[in-house]
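Each reported figure results from applying straightforward, stated rules to the coordinates on display, with no laboratory input. Predicted model only: the values in this text are computed from it and were never measured. A quick note on method: Cβ atoms are made from the backbone with ideal geometry, for glycine too, and the neighbour counts reach across all protein chains shown.
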Amino acid sequence: MASNGTRPFRVVIVGSGPSGFYAAEALLKDASVRVEVDMLDRLPVPYGLVRGGVAPDHQKIKGVIKVYEKTASYPRFRFYGNVKVGADLSVDDLRRLYDAVVLAVGAEGDHHMDIPGEGLPGSHAATEFVGWYNGHPDYHDRRFDLSCESVAVVGIGNVAMDVTRILASDPEELAKTDMADYAVEALRASRVKDIWLLGRRGPVQAAFSPAEITELGELSSADLVVRPEDVALDEASREDLARADASAKKNVEFLQKAAARGEGSRGRKVRLRFCVSPVELIGEGGRVGAARLERNALKRDAKGAVKARGTGEFETVKVGLVLRSVGYFGVPLPGVAFDTERGVFPNAGGRLLESAGGPVICGEYVVGWAKRGPSGLIGTNRACSTETAARILEDLKAGLAPGRGAAEAEAFLRSRKADLVSFADWKRLDALELSRGQAAGKIREKFTTVGSALEALKTARI
């Protein structure tokens, strides 16, 4: 991929979330090769899950955007929003336009529980609820029945903890954040009193961090209720705890203290249950009315890992809304090989493969969850993206066939999508959202549809 000596190498990154920005940062900072980066996003706004996934009451986490803004300030960086690869243009188009193509498309799908009744009205992916309260254009028109008194959140990972905390929080506190106004109003009218947070394994194996469970325990609007029998450790859990890190030990200590406090006196309860799995959602009046749970026992598999196994003991919990949070899953992209078992694009260290275990495709790469699966926190993507960027730079130095020029690339993009959104355009939208928020007494008031964002941008450009 040796340079022809007349221009920089040109790389396109599809997706503007953390993994995409970290890849751009690593490519632009490298002094040994001159690279120009074009970043595409199907939405008119950047930042992916930092904007559309991080909970509104976690504003400090969103501060990472300042790092991405620094990357976007490079003269060799261009952002093109409101362009969807696979619809407005193809991967083949990008292959012709650029020296290297990098997929940073994340994992937009989700796993299912595959149980009877899962398709009933009132049963949703937790990611839909997250997108809804965060004002993501894909989910702004979703409706969640908060007139019921009991909700089940299935899973105890990061997303499940966020969803539970939002349901249990005082909406007046959320009203000051960047939560969508329609979501605040719906939460103000909520009649939810019990939030059942269901984990299939035990407290030692819980995926949440001490900070996350502590947040639930410190809510002014809800009590965290843990049954003493759920935090009484079995032999497998005691063995795991003896080898566990400090976080697991802190979790168990906190949960055992919470169990000793009992029901509490607040109007809402977060009822955290361990070692249970939903096996059926039961309909009432044409929608979810209850969840049938099976008690699990923890057993070691052949590799020594603790697994949950059903015991044949069942109970039924009345719930009018179910939010499953059992894992993200990647979505295929036309023209690119996809591993349907793992939900990722087959790759070797970030280099795309023709198929799982197949040969490397020259000039094509992947980063983030689309590369490794939905694991880790925002910062985890930096190392992942830096690894892929190193592969790209190695390959560029080795002699990739050059693509067409930047001017021609932009002309082609505009021929397919007249209303492209630049980073300067995004900064105009950003200023408008902050101004709207200030007028409403909150951090930010987002544009929650693509149409409203583009219309506001037209006015701002005048």
(request) Within the set of other residues whose C-beta is less than 10 Å from the C-beta of R292, count the net charge using Lys and Arg as +1 and Asp and Glu as -1. (result) -3
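Show me the GluC sites (Glu not before Pro) within segment 123-177 that DSSP assigns to loop and that have at most 16 other Cβ atoms within 10 Å of their Cβ. Walk me through the intermediate numbers first.
Working: sites: E128, E149, E172, E173; in loops: E149.
Loop-located and lightly packed - E149.
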(request) Output the pairs from K84/K427; K84/K446; K193/K249; K60/K442; K250/K307 with a Cα-Cα distance over 25 Å in this structure; if there are none, say none. (result) K193/K249
(message) If you average the alpha carbon positions of segment 437-462 and of segment 40-70, how far apart do those two centres end up, in angstrom?
(response) 16
(message) Let me spell out the model: positive unit charges on the Cβ of Lys and Arg, negative unit charges on the Cβ of Asp and Glu, origin at the Cα centre of segment 112-325. What dipole size does that give, in debye rounded to 20?
(response) 580
(message) Please compute the modelled spin-label separation between E172 and Q256, points set 7 Å along Cα→Cβ, answer in nm with one decimal.
(response) 3.8
(request) Kindly write out, for segment 280-297 in residue order, the coupling ³J(HN,Hα) from the Karplus curve 6.51 cos²θ - 1.76 cosθ + 1.60 (θ = phi - 60°), rounded to whole Hz, with x marking Gly and Pro. (result) 6, 9, 9, x, 9, x, x, 8, 4, x, 6, 10, 8, 10, 10, 6, 9, 10
(message) With a cap of 16 neighbouring Cβ atoms within 10 Å, and only residues DSSP puts in a loop, list the trypsin sites (Lys or Arg not before Pro) found in segment 1-97.
(response) R34, R76, K84
(request) Would you grab the residues whose amide H sits under 5 Å from the one on G117? Only those 5+ places off in sequence or on another chain, please, with H modelled 1.01 Å from N. (result) L281
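When only Cα pairs under 8 Å and 6 or more residues apart are kept, what is the percent relative contact order across segment 112-325? Write down the numbers at each step before the final one.
Working: 448 pairs, mean separation 64.4, N = 214.
The value is 30 percent.
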(request) May I ask for the net charge around A453, where only other residues with Cβ less than 14 Å from the Cβ of A453 are counted and Lys, Arg are +1 while Asp, Glu are -1? (result) +1
(request) Rounded to the nearest 500, what is the 222 nm mean residue ellipticity of the chain from helices alone, with -39500 (n - 2.57) per DSSP H run of 4+ residues and division by all residues? (result) -10500 deg cm²/dmol
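List M113, M39 from most exposed to least, where exposure is judged by having the fewest other Cβ atoms within 10 Å.
Details: M113 18, M39 26.
By the 10 Å Cβ count, ascending, the order reads M113, M39.
In debye, nearest 20, what is the charge dipole magnitude of the chain about its Cα centre with +1 on Lys and Arg Cβ and -1 on Asp and Glu Cβ, if you could check?
Details: 65 positive and 62 negative charges, 155 e Å.
The dipole magnitude comes to about 740 debye.
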(message) Under the 0.36 nm per residue contour assumption, what length would be gained going from the current alpha-carbon distance of E284 and A390 to full extension?
(response) 32.6 nm
(message) Expected output is a single nm value to one decimal: the length gained when fully extending between S375 and A348, i.e. 0.36 nm times separation in residues minus the C-alpha distance. What is it?
(response) 8.0 nm
